[in-house]
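Undergrad: Below is the structure I would like to discuss, written out as structure tokens.
Just so you know, all these numbers are worked out from the coordinates, no wet-lab data involved. This structure is a prediction, so every number in the text was calculated from the model and none was measured. As a convention, Cβ positions derive from the backbone with ideal geometry for all residues, glycine included, and neighbour counts pool all protein chains shown.
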Amino acid sequence: MTLDRLRALLGLGLCCLWFSAASLEAQTGSAAGGENGASEPLPAPVPKPRTAKKKPVVKAGLIARDASFAEMEAAIVSGTGLYVMLDPLHKVLEVRSRGLVLDRVHLSGIEFLSHSPIFGGGADAVPSLPATWVVAEDASDFEREVIAPDTLRSYVPEDQRTAVDEARNPKVIAAHEEGALPPSTYQVKLTNGWALAVLDQAPKTSFFARFDEALKEGWKRLRGVKGEHPPMLAVAMSGEDAQRIHHLFRAELPVLIAPGKG
Amino acid sequence: MLRLLTVLAVLALCAASALALLGGAYKARPLSASKIDTGSPTAKKAAAAVETMQPKGVYVVIDTYRNHLKIYKDGELLRDAQCSTGSGTLLKDPRDGKQWVFDTPIGERVIQRKVKDPIWAKPDWAFIEEGYLPPKSASERFDDFSLGKFALYMGDGYIIHGTIFQSLIGQRVTHGCVRLRDGDLEWVYKTVPSGAKVYIY
């Protein structure tokens, strides 16, 4: 068990004891405390368990600093691949190739997301924009249908095939339900340590939503499951649009981000 | 009883707070936009460089999600046709575990050549998919009807062609090629020259 978890468990135990004692005292104080109202002194407040939060590290090299937005696009268009352009001013995401706009998606929001403790601050990750970021891994794939014949038999030309031959054709193994669609909310890992979050609604960041998220994560940590929490650039759009562009987020796809500030 | 319930509630709250302290959560900060620099000499030069890279004349744009093939000439839309693109299916060869993924590749390609009455030399996967061993005789691989009347080759075995399964046009059902209806295919064959750019997304 790590020192962190031991400290957390100790903190949890002491917190519980302190609260139970305080609660009982408050309820029974006047009766049990004697006529003069004297009571047992409360234990000293216990410091809250704290978890160490690492400041997100942004790897240098992929975030251009001095080049203008147009220069960055000029550097990308020499290749034959697609790229994605994010324009916070007009709230659009464009799929482009050679400067040609192939598809345009309207965004309902663009936000930076930083992971931090639920109480208190935490360092905000601040990227330098404009910048060209690069997709490190394909967006989470939804399962594909699979054709996997057990054995292969000698070839029979089509005009000589019998009904038996046709019946022996391998069937498609449906790895997902018929008509399954790509996800409408997903994360794309980027090579600079950030992630691009494509969401079908604005991220929930109210106190209660954050508390709920922190609670779930705390439970995971207690069980020894460590999650990754990269700083993110979150783009919100309609679910249909998010599904439509899902297959474009393949490794090495450049994401060009127009100027903006966090 | 009330006292016990209160104690339990306080304990639960306490435990929840401690757990939340163990974890953490994302907080949002809006990205405020700035204007894109278009006036400086370097920005103008770069924008001109981007402009020169844009396709001239006739080019093809294929939307693999919505299964549409569009033909443009100098930015003007000439024709919007329904097509069929890659099914995304995965095929496994039981002999050595080799795999094929039937996706239409995204990115830029070029029409390398155009052929009337094309003959398809069926690759290994076309036999394995049906449960057959690929034939040893090359003559058994030739198929003169599956590709339809015309074919526009885009390299790496990817072709814009016709089909005998006209009713499946508009669906993701192919092995990565782009299928068109007969009328659209003939129009595309006549309009799109060799060397034309194809943008697939």
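Undergrad: Sort chain B into rounded, prolate or oblate with this rule: let a ≥ b ≥ c be the square roots of the eigenvalues of the Cα gyration tensor; rounded if a/c is under 1.5, and if a/c is not under 1.5, prolate when a/b is larger than b/c, oblate otherwise. If you can, show how the numbers build up before the last one.
TA: Working: a/c = 3.12, a/b = 1.53, b/c = 2.04.
Verdict is oblate for chain B.
Undergrad: Between B:K45, B:K114, B:K149, find the one with the highest GNM mean-square fluctuation for chain B; connect C-alpha pairs within less than 10 Å.
TA: B:K45
Undergrad: Which of the peptides B:116-128, B:25-37 is most tightly packed, and how do the rest follow, going by the mean number of other Cβ atoms within 10 Å of each residue?
TA: Details: B:116-128: 15.2, B:25-37: 17.2.
Packing order, densest peptide first, comes out as B:25-37, B:116-128.
Undergrad: Counting only other chains, and only Cβ atoms inside 10 Å, what mean value do you get across the residues of B:32-45?
TA: Details: counts 7, 11, 9, 4, 11, 6, 3, 0, 3, 0, 5, 6, 2, 4.
Average neighbour count from other chains, rounded to a whole number: 5.
Undergrad: May I pose another question? Test of understanding: what is the full-extension gain from A:L89 to A:V134, defined as 0.36 nm times their sequence separation minus their Cα-Cα distance?
TA: Answer, rounded to one decimal: 14.1 nm.
Undergrad: Now for a different question. Taking the Cβ-Cβ separation of A:E143 and A:T185 as r and a Förster radius of 22 Å, what is the calculated FRET efficiency to the nearest 0.05? Intermediate values should be presented prior to the final figure.
TA: Numbers: r = 17 Å, r/R0 = 0.77.
Taking R0 as 22 Å, the efficiency between A:E143 and A:T185 is 0.85.
Undergrad: Calculate the spin-label point distance for B:D117 paired with B:D156, positioning each point 7 Å from the Cα along the beta-carbon direction, and give it in nanometres.
TA: Calculated label separation equals 3.2 nm.
Undergrad: Residues of A:76-86, mean number of Cβ from any other protein chain within 10 Å of their own Cβ, rounded to a whole number? Write down the numbers at each step before the final one.
TA: On the way: counts 2, 7, 3, 3, 6, 3, 6, 0, 0, 0, 1.
If you average over the peptide's residues, the count of other-chain Cβ atoms is 3.
Undergrad: Which of the GluC sites (Glu not before Pro) found in segment A:178-245 are loop residues per DSSP with 16 or fewer other Cβ atoms within 10 Å of their Cβ?
TA: Details: sites: A:E178, A:E213, A:E217, A:E228, A:E240; in loops: A:E178, A:E228.
Counting only loop positions with at most 16 other Cβ atoms within 10 Å, the GluC sites (Glu not before Pro) in segment A:178-245 are A:E178, A:E228.
Undergrad: Also, quick follow-up: First check a/c for segment B:42-97, with a ≥ b ≥ c the square roots of the eigenvalues of its C-alpha gyration tensor; if it is under 1.5, answer rounded, and if not, answer prolate when a/b is larger than b/c or oblate otherwise. Before the final figure, lay out the partial values.
TA: On the way: a/c = 4.16, a/b = 1.81, b/c = 2.30.
Cα axes put segment B:42-97 in the oblate bin.
Undergrad: May I pose another question? Just how far, in whole angstrom, is segment B:37-101 from segment B:149-191 if you go by their alpha carbon centroids?
TA: What the calculation gives is 16 Å, centre to centre.
Undergrad: Sort B:R79, A:R223 by Cβ crowding within 10 Å, fewest neighbours at the top.
TA: In increasing order of surrounding Cβ atoms, one gets A:R223, B:R79.
Undergrad: Of the DSSP beta bridges with both residues in segment A:187-262, give the percent that are antiparallel, rounding to the nearest 5. Before the final figure, lay out the partial values.
TA: On the way: 3 of 8 bridges.
Beta bridges within segment A:187-262, antiparallel portion: roughly 40 percent.
Undergrad: Okay, next question. Using Cβ counts within 10 Å as a stand-in for footprinting exposure, how do B:C177, B:C14, B:C83 rank, fewest first? Present the calculation step by step, with values, prior to reporting the outcome.
TA: On the way: B:C177 23, B:C14 20, B:C83 27.
Exposure proxy ranking, most exposed first: B:C14, B:C177, B:C83.
Undergrad: Considering only Cα-Cα distances, which of the following residue pairs are longer than 31 Å: B:K45/B:K197; B:K56/B:K114; A:K226/B:K35?
TA: Values: B:K45/B:K197 24 Å; B:K56/B:K114 19 Å; A:K226/B:K35 40 Å.
Over 31 Å Cα-Cα: A:K226/B:K35.
Undergrad: Right, here's the next one. Provide a whole-number value for the mean count of partner chain Cβ atoms within 10 Å of the Cβ atoms in peptide B:90-96.
TA: On the way: counts 9, 7, 6, 3, 6, 3, 0.
Neighbouring Cβ atoms belonging to other protein chains average 5 per residue here.
Undergrad: Another one. Using the number of other C-beta atoms within 10 angstrom as an exposure proxy, rank A:R168, B:R113 with the fewest first. Present the calculation step by step, with values, prior to reporting the outcome.
TA: Values: A:R168 15, B:R113 11.
By the 10 Å Cβ count, ascending, the order reads B:R113, A:R168.
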